Amino acid sequence: MSEHPEESTFSQHQNIDDKTRLKAIIDTAIDGIITIDARGTIETVNPAAAKVFGYLPEEVIGQNIKILMPEPDRSLHDQYIENYHRTGIGQIIGIGREVLGRRKDGTVFPFLLSISEVRLHDKQIFTGIVHDISNLKKAEAALRESENKITSIIQAAVDGIITIDTRGIMEMVNPSAAKLFGYDPEELLGKSINMLMPEPDQSRHDKYIHNYETTGHRKIIGIGREVTGLRKDGSTFPFYLSISEVQLADRKVYTGFIHDITQQKLNEEKLRRYAAELMRSNLELQDFAYVSSHDLQEPLRKIQAFGDRLLTKEQDNLSEQGKDYLERMLNAASRMQNLINDLLAFSRVTSKATPFVKVSLDTILTEVLSDLEITIEQTGATVNRSPLPVIEAEPTQIRQLFQNLISNAIKFRKDDEKPVIKISAELIQLKEHLTATPGDEMVKLFIQDNGIGFNEKYLDRIFNIFQRLEGQKYVGSGIGLAICRKIAIRHGGDITARSQPGVGTTFIVSLAVKQPQE
């Protein structure tokens, strides 16, 4: 009998409470807990462990632990235990490592296994803590894939990419950047970024970084601008530099994106010089055309005036041959007057141009056909038209374009056939996916007739000034189609034609839908 029976009872209750508490902790643990005996037979399995392997606890208790292992561990596990009993050297016991488990459905998954050895009186058991790391491994794999993608993108990028720290030391240089500057990447890593800059930027760059770090005032970071780079061979080149600031966990880095604009700058300079030369040439041509035409007007007026006086006052004193000479002279003077007016009109296509506005080609065509109504009735012409779009254009010049082409279609008709003229349009996109800038989208106008046509070997000639394919039968100066070409070119397009003698002609005029602001 105990001298203090109440203490014995308290101790028994305390042991029961401790066991109950321990069992509750094990049963509610998030990680799996499994105990096996010295032969590998499963003695206890908490709910978390059973769930991880896809079993009910009663399905695995009494089974060898190797049923939870894939090959080759399943076949080798008995040997592992035997070796441990014989040598005392364990591969996991007291160490822990990442292993693979096999679920009831046969799927294999990774988990972290830590095993401890426990001796109870004369019995030896092993307790394994199972921590499922499937989601962790998936996340790691996804992160690796993402990092590999980013690395591949950087390495394969056409533009140069360089990362520097806050001291300006290069930490990453992709192949394109190294190639642009004429180096191998390893020649740049660990070096200061200012080695890629000509003076004075080379000497000032450290100050640029210091100013930004202290004041936050940006000159390129988050903005971007054109700068000059220094190659290994000492030559320089222009590039567009945009810099982004990246805050890492413990420090800050800057990433520069380098786009070589050498060819772009060369093209811009060529274009600038060409535009300046073209402007000078055009001004000279306009001045010449205007002065020449104006100066020719005065003597021409005198020829016409004195010719008219002869015709009215001296007609009776002239022989029939003299009258014929006079009539020819006055006709030549009239043709000369028309020629001068056409020349002035040609020079004014650019010199007197007004700004581009939104223009309904349908409306302008209707107005032109109204102006030509009498001519259309007299010749019995038929005009078939399809809907035309709205574009940015100079209305007066577009009216002039339609007037010239439709008049030509009526003028160069066949003697035995009434003219039939078809007018239609087609919208085209020069390059797929590009519509943002003027010139990306064009409208093609088709003016088709059934007239006399011409041999296409003369196609280049008909749009040149003063060029005519027909003889004196058709009145004209040969400037109309040259004006049409000049108008089309001013509107970002051109003009061409398809024709066969005796079959008819189709003039094809291309015009940009949008025009740059002047």
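If you take the residues in the stretch 255-268 that are among the hydrophobic types (A, V, I, L, M, F, W, C) and surrounded by 13 or more Cβ atoms within 10 Å (Cβ to Cβ), which one is farthest from residue 160 (Cα to Cα)?
261
Consider residue 244 carefully, then state whether it is out of contact with any helix residue (DSSP H, G or I) (no Cβ under 6 Å at 6 or more places or on another chain), at pLDDT 90 or above and among the polar types (S, T, N, Q).
For residue 244, the condition - out of contact with any helix residue (DSSP H, G or I) (no Cβ under 6 Å at 6 or more places or on another chain), at pLDDT 90 or above and among the polar types (S, T, N, Q) - is not met.
Could you check the stretch 40-77 and list, in sequence order, the residues that are charged (D, E, K, R) and either under 60 Å from the mean Cα position of the chain (by Cα) or more than 21 Å from residue 106 (Cβ to Cβ) (or both)?
Matches in the stretch 40-77: 43, 51, 66, 71, 73, 74.
I need the full set of residues from the stretch 91-150 which are charged (D, E, K, R) and either touching a residue at least 60 places away in the same chain (Cβ under 8 Å) or in contact with a Gly (Cβ under 8 Å, 6 or more places away or on another chain) (or both), in order please.
Residues satisfying the conditions are 103, 104, 105, 117, 123, 132.
Among the numbered criteria (1) free of Cβ contacts under 8 Å to residues at least 60 places away in the same chain; (2) more than 16 Å from residue 481 (Cα to Cα); (3) surrounded by 14 or more Cβ atoms within 10 Å (Cβ to Cβ), which one does residue 449 miss?
In the conditions (1) free of Cβ contacts under 8 Å to residues at least 60 places away in the same chain; (2) more than 16 Å from residue 481 (Cα to Cα); (3) surrounded by 14 or more Cβ atoms within 10 Å (Cβ to Cβ), residue 449 misses (2) alone.
Note down all Cβ pairs under 7 Å where the first residue falls in the stretch 325-342 and is of a type outside the set (Lys, Arg), the second is modelled with pLDDT under 80, and they're at least six residues apart or on different chains.
Taking only residues 6 or more apart or on different chains, the pairs are 338/477; 339/477; 340/293; 340/296; 340/297; 342/477; 342/479.
Could you give me the residue pairs with C-beta distances under 8 Å whose first residue belongs to the stretch 407-427 and is closer than 14 Å to residue 509 by Cα, whose second residue is of a type in the set (Phe, Trp, Tyr) and assigned to a strand (DSSP E or B) wherever it lies, and which are 6+ apart or on separate chains?
These pairs meet every condition: 422/446; 423/446; 424/446; 425/446; 426/446.
Across the stretch 384-413, what is the number of residues that are surrounded by fewer than 17 Cβ atoms within 10 Å (Cβ to Cβ) and either at pLDDT 90 or above or among the small types (Gly, Ala, Ser) (or both)?
Adding up the residues that qualify gives 7.
For the stretch 466-481, indicate whether the set of residues that are in contact with a strand residue (DSSP E or B) (Cβ under 7 Å, 6 or more places away or on another chain), at pLDDT 85 or above, of a type outside the set (Phe, Trp, Tyr) and surrounded by 13 or more Cβ atoms within 10 Å (Cβ to Cβ) is non-empty.
Among the residues of the stretch 466-481, not one is in contact with a strand residue (DSSP E or B) (Cβ under 7 Å, 6 or more places away or on another chain), at pLDDT 85 or above, of a type outside the set (Phe, Trp, Tyr) and surrounded by 13 or more Cβ atoms within 10 Å (Cβ to Cβ), which makes the answer no.
Restricting attention to the stretch 56-79, does a residue exist that is among the β-branched types (Val, Ile, Thr), surrounded by 11 or more Cβ atoms within 10 Å (Cβ to Cβ) and at pLDDT below 90?
no
Looking at 203, 152, can you tell me which residue is more than 29 Å from the chain's Cα centre (by Cα) and either in a helix (DSSP H, G or I) or among the acidic types (Asp, Glu) (or both)?
So the residue among 203, 152 that is more than 29 Å from the chain's Cα centre (by Cα) and either in a helix (DSSP H, G or I) or among the acidic types (Asp, Glu) (or both) is 203.
Under 7 Å by Cβ, and 6 or more places apart or on different chains, what pairs join a residue from the stretch 171-187 that is assigned to a helix (DSSP H, G or I) with one that is surrounded by fewer than 16 Cβ atoms within 10 Å (Cβ to Cβ) and of a type in the set (A, V, I, L, M)?
From the stretch 171-187, the pairs are 176/157; 176/158.
Look at residue 252 and say whether it is exposed (fewer than 14 other Cβ atoms within 10 Å of the Cβ), of a type outside the set (Asp, Glu) and under 22 Å from residue 177 (Cβ atoms).
So residue 252 passes the test.
The values are calculated or read from the model by the stated rules, or taken from the named source; none is laboratory data. The model shown is predicted, which means the values in this text are computed figures rather than measured ones. No Cβ is skipped: glycine too gets one built from the backbone with ideal geometry, and neighbour counts run over all protein chains shown.
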